[in-house]
Amino acid sequence: MSDIKCTVLECHYNRDVMCNAPMIQVNHCKTKHSKESEDTQCDTFKPKS
Ligand code: SF4
């Protein structure tokens, strides 16, 4: 998988501001047609336990 930089430090998969998940899924978060990066979100996010 490509290197994915991610600043969501609260995520279980985050290691030193990089994503360590085997794969991620990114979806629209508001509409079905995203127009800005803010309209997308990582659905693979899992809170640290
Ligand atoms: S799973 Fe998503 S939110 Fe979690 S570190 Fe990877 S890219 Fe970031």
Solvent-accessible area, 1.4 Å probe, carbon plus sulfur percent, for the chain: 52 percent
Whole-number accessible area per residue in Å² for the chain, which is evaluated in the context of all protein chains at 1.4 Å: 86 Å²
Residue 5-residue 24 pseudo-label distance in nm [points 7 Å out on the Cα-to-Cβ vector]: 1.2 nm
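For the chain, what is the convex hull (Cα atoms) projected area averaged across all directions, in square nanometres?
That works out to 3.8 nm², a quarter of the Cα hull's surface.
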Dipole in debye (nearest 20) - the chain, about Cα centre, beta carbon charges: Lys, Arg +1; Asp, Glu -1: 120 debye
Trypsin sites (Lys or Arg not before Pro) restricted to segment 4-39 and DSSP loop, no more than 16 other C-beta within 10 Å: 30, 32, 35
17 Å Cα-Cα reach of residue 5 towards aspartates and glutamates, excluding residues that sit fewer than 8 places from it in its own chain: 16, 38, 43
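The values are calculated or read from the model by the stated rules, or taken from the named source; none is laboratory data. Here the structure is a predicted model, which means the values were calculated and not measured. Cβ: placed from backbone, ideal geometry, glycine included. Neighbour counts: every protein chain shown. The accessibility values were calculated without ligands, DNA or RNA, using every heavy atom of the protein model including side chains. Shrake-Rupley method; radii C 1.70, N 1.55, O 1.52, S 1.80 Å.
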